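One structure is given below, encoded as structure tokens.
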């Protein structure tokens with residue numbers, strides 16, 4: 001593998017035999033599966049446990065999928081996260097360089113974690129979990145039962161029941177709220193509630209980094 005490191009990333013990836021691609025995926029799984037990892041996302045520490053790694057050829061590039069469990073990001077828990085890298089290029093070496101044309105991220109988080117995050121924002125409403133999500137205005141005597149979803153960077157908020165100073169008010173159609181620009185090139189965000197969980201996903205374009213294979217993995 002080492003002589004190939006002097007070639008371009010796309011050429012290297014194209015020349016790697018399928019057997020080595022398979023061995024690379026198995027080797028990464030054996031090395032990291034079941035192990036805790038630590039990194040930093042947007043300046044905030046993130047800890048997780050690697051559940052598995054899978055690598056396949058995608059024409060001249062590779063496609064890799066990593067499954068993570070028990071994520072802890074700034075004391076916010078995410079049950080599971082699956083990251084799929086498309087258009088993956090690899091330049092091997094002791095510090096192997098990697099890049100991907102796009103990352104697809106899919107995850108599951110408890111509804112309580114999502115509501116706690118929302119309540120930490122500077123908004124006029126406070127949300128509480130239940131069979132339906134309850135929204136209480138922080139200053140006015142107004143409350144509502146709500147539901148919502150995010151589709152292609154647009155949040156849709158539906159009022160199921162609304163009370164204003166004790167009076168039941170007829171509900172209006174779902175409100176459409178475009179999301180503001182998100183950091184790190186995150187786009188195509190979607191999320192939906194399923195029982196006590198929230199299923200979410202998004203895309204990130206043009207990602208590059210280094211895998212220091214010469215270092216010992218953290219335990």
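What follows draws every value from the coordinates through simple rules; no lab data is involved. Since this is a predicted model, take the numbers as computed values, not measurements. Neighbour counts are summed over all protein chains in view; Cβ atoms, including those assigned to glycine, are modelled from backbone coordinates with ideal geometry.
Here are a few things to note about the model shown:
- By average C-beta atoms within 10 angstrom, highest first, the peptides 115-121, 52-58: 52-58, 115-121
- √(5λ) per eigenvalue of the Cα gyration tensor, the range 40-95, largest first, Å: 26, 14, 10
- By other beta-carbon atoms within 10 Å, ranking 90, 108, 204 with the fewest at the front produces 108, 204, 90.
- Per-residue extension of 0.36 nm, minus the Cα-Cα distance of residue 112 and residue 186, leaves a gain of 24.3 nm for this segment.
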